[in-house]
Every structure is written in structure tokens, then in C-alpha cells.
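Report on one structure; see the data block that follows.
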Amino acid sequence: MTSFSDLGLNAALLKAVTSEGYDTPTPVQEQAIPPALAGRDVQGIAQTGTGKTAAFALPILQRLSASRTRPAPKTVRALVIAPTRELASQIAESFRTYGRHTGLSVALVFGGVPKPRQNRQLAGGVDILVATPGRLIDHLGDRNVRLDAVEVLVLDEADHMLDMGFIVPIRRIAALLPAQRQTLLFTATMPAEMAALAKGLLRDPVLVAVVSGATTVEQVTQHVMFVDSAAKRAALRGLLGSAGQGRTLVFTRTKHGADRVVKYLDEYGVHCAAIHGNKSQGQRERALADFRSGSTRVLVATDIAARGIDVDDVTHVINFDLPNIPESYVHRIGRTARAGHSGVAISLCGPEERPFLRDIEKLLHAKVPVLRAA
Ligand code: AMP
């Protein structure tokens, strides 16, 4: 079995990884870390939950600590771009955790909060900058930061960034980077537009793929329940009342749907919160913190809001609505069964959602077992 020391990581990083309790590298780490350490570009197909953050963070930390040049004011040595504030925060946190014995600096910039504190962080120059695209463009426009000293670029959840319409900002940012750099790109899916972007940004990349959902999906016990749309809320309430249920993520297709579910559950005394794009940054952070601490056991989310959220010990995922994009199903159920734990995913399927279920089963190459209402 491969160990982290076999991958060629230095003592400072091995120490941090050990204190995180990681025994062995995950498949994406095992495949991506050696070529990334060798300076190669990497194109990784992996979703959240596979350990992809460490797969790019560890080689970057090692590279930057090997040549200790202090970054000049307003410059950045490694730039990580992520689609959402939540994901960006988690990535910055991971860099701080894994890099705690390296002395490298990490800055985080995202929208929805005032700029001055971010400016102050950027002013002195930083080793690692984690940013969402829009706010980074703002800071570039204000000349708070320059990208001409970037040695490594990471695009995380790149397909998600395209879905969110960030293609233009990403191209603008890429145009400001030195051609001579290392690029690491991670995406869960590879639609044509994504492939075109990757081709333009990467040079002779090493391809790393954690087969579509294989590692996470297999550890999730999946069920589907056929119910009339009108009976879904009662069915959900029944499922939430089952014994042995810990943190539960409920997915709805729309923001409005999420609010309606929360309102209904509230009326029955189920403590829950919604997280979606119409919520303020403060509300989202509070909902997430409560879910993490366990004071809210049920979090109701839309796909966009939930992607990239890194909360361990989600025991159940309930699809209140089935997603019309089959890959979203894989992302959703990948929120449970993280890092080797098992998990349960139950989907409520209304009559009009049967075609979505068929698409999902086609993608999974398997039938989802049917659960009959008690
Ligand atoms: P990620 O896919 O980067 O969001 O990581 C998913 C989760 O796996 C995070 O909670 C990490 O802390 C955890 N993790 C990452 N690498 C390992 C590893 N080698 N062993 C155990 N847990 C890990």
C-alpha cells in the first residue's frame, strides 16, 4: 500500500498529514501528487469527497517551501480559483492546516464582504491566494494584486465555474498569468466546453481520474421511494423521524422548494435550515456552522449551494426532488459516505420524475433499489 512518504512529500507536510489522521493517500492523491510534485500540469476528474483538495494543496505547499522567495508586494505565488465562497474558504482552511509547519502565507478573497481587509492581506504579497473569480477581478481592476508572479494556478470545480457563467472572468484572469507556470485543473465532469477550456490552459497534462463516482457512490446505500408529489412532504417527515439518523442533507430542485420544505418541517417541530443562493452570506454561514456543530440536524439545500460543502458525518442524503441532470445525483449522494464512512441516500420520486430516475440509473449502470413506504 502506498504511504504519504512514498509520494515524496517533505517532513513538514508529512507531520501535518499525520496529525490530520490520514493514514494512506486516497486514489486521487496517489495519482496526482507525484506528477504535480514533478512540476507537471494535472487534469483531474474528481468530485468533492475524494480528497482532491490535499491532492493539489500538498504539492503546491512543497513547491513553494522548496524555493523560499518572499513574494513581492501585491504578488501571489500560487493562485487557487474556486466557484463559491464556501468552497474557497474550505480550500484556504486546508492550505492552512496542511501548511502549518511551512510558514507559508495564505489569503482568501471572495465577494459579499468588504474589501479593505482583503486589500491589507494582498498588499504585502502572499504565497497562496484562494479566490472566487468575481472578487478577484475586482481586486485586479483596483490594482490591489498582480498575477505576473504566479507559479502555480489551480482551478477547482472548474465545471461548476462554467455552469455559474464564470468563463469570461476565468479567461481574463488566465490572460494575466505568466505562460510559464504549472496548472492543476479539477472538475467532476468533462462536457465539451470544459474540455475546450482545459485544452487552452493546460500543457501536456497528466490525466488523473477517479472513475465517475466509483469511490463514493459504492459506499452509499441507495434507495428510491415512489410517492405522489403531494405526499412528498409527509414522506420526508417520516424519513426524518427514523432512528439512527444523524446529519441529514435534503436536496430540492429550487430555492423556493427549499424554503417550502423548511417551513413545513418547522411547523412539525423539526429543527432545520435552508441554504441557497437567495440567502445572505451571513445566513449561509450560520446555517452551515449550525449544521457542522450538530445544533441543526437537517439542512435543506439546492445543488449549487451544496456543492463543495465539506461537512463530515452526513449520515443521510434525501432527494426531495430528483435532479434533472444525472451527474447532480452523484454529487448529491457523494455528500454522505465521506472519507470511508458509509451513508444512506433516499430519493423521493414523483410520477413525473421517472425519466430523471431512468437517466440516473443509466449513468450509474445500476438500478436504485425501491423502498416501500412503511
Ligand atoms: P475533499 O475531496 O478534498 O473535499 O476531501 C474530502 C474529505 O476527506 C475531507 O474531510 C478531508 O479532510 C478528508 N481527507 C482527505 N484526504 C484524506 C486521506 N488521505 N485520508 C483520510 N481523509 C482524507
Only one of these is within 16 Å of the ligand (Cβ to nearest atom) and either surrounded by fewer than 22 Cβ atoms within 10 Å (Cβ to Cβ) or more than 22 Å from Val344 (Cβ to Cβ) (or both): Arg237, Arg233, Arg253, Arg247. Name it. Arg247
Hits in the range 276-309 - residues which are more than 17 Å from Arg253 (Cβ to Cβ) and of a type in the set (Lys, Arg): Arg284, Arg286, Arg292, Arg297
Can Asp163 be described as over 22 Å from Ala32 (Cα atoms) and modelled with pLDDT of 95 or more? no
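Would you check which residues across the range 14-23 are at pLDDT 90 or above and either out of contact with any His (no Cβ under 9 Å at 6 or more places or on another chain) or not in a helix (DSSP H, G or I) (or both) and list them? Lay out the reasoning, then the answer.
Filtering the range 14-23 for residues at pLDDT 90 or above gives 14-22.
Leu14, Val17, Thr18, Ser19, Glu20, Gly21, Tyr22, listed by residue number.
Among residues belonging to the range 153-206 that are among the basic types (Lys, Arg) and farther than 24 Å from Pro59 by Cα, point out the one that is farthest from the chain's Cα centre (by Cα). Give the steps one after another, and end with the answer.
Initially, the range 153-206 is screened for residues among the basic types (Lys, Arg), giving 171-172, 181, 199, 203.
Among the residues that remain, those that are also farther than 24 Å from Pro59 by Cα are: 171-172.
Numbers: Arg171: 21, Arg172: 23 Å.
For the range 153-206, the residue satisfying everything is Arg172.
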Could you look through the range 24-71, keep only residues that are among the polar types (S, T, N, Q), in a helix (DSSP H, G or I) and within 13 Å of the ligand (Cβ to nearest atom), and pick out the one that is farthest from the chain's Cα centre (by Cα)? Gln31
Checking Ala38 against (1) without any contact (Cβ under 8 Å) to a residue 24 or more places away in the chain; (2) farther than 17 Å from Val208 by Cβ: exactly one of these is not met. Which one? (2)
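Being of a type outside the set (A, V, I, L, M), assigned to a loop (DSSP other than H, G, I, E, B) and either touching a helix residue (DSSP H, G or I) at 6+ places or on another chain (Cβ under 9 Å) or open to solvent by less than 30 Å² (accessible area, probe 1.4 Å) (or both) is the filter here; which residues of the range 129-162 pass it? Please lay out each step first, then the result.
Within the range 129-162, the subset of a type outside the set (A, V, I, L, M) is 132-135, 138-139, 141-144, 146, 148, 151, 156-157, 159-160.
Those still in the list that are assigned to a loop (DSSP other than H, G, I, E, B) too: 132, 142-144, 146, 148, 151, 156-157.
Across the range 129-162, the qualifying residues are Thr132, Asp142, Asn144, Arg146, Glu151, Asp156, Glu157.
The values are calculated or read from the model by the stated rules, or taken from the named source; none is laboratory data. Just so it is clear, the model here is predicted, and its values are computed rather than measured. Don't worry about glycine lacking a Cβ; one is built from the backbone with ideal geometry, like all the others, and counts go over all protein chains shown. Protein only, heavy atoms only, side chains kept; ligands, DNA and RNA dropped before computing areas. Shrake-Rupley method; radii C 1.70, N 1.55, O 1.52, S 1.80 Å.
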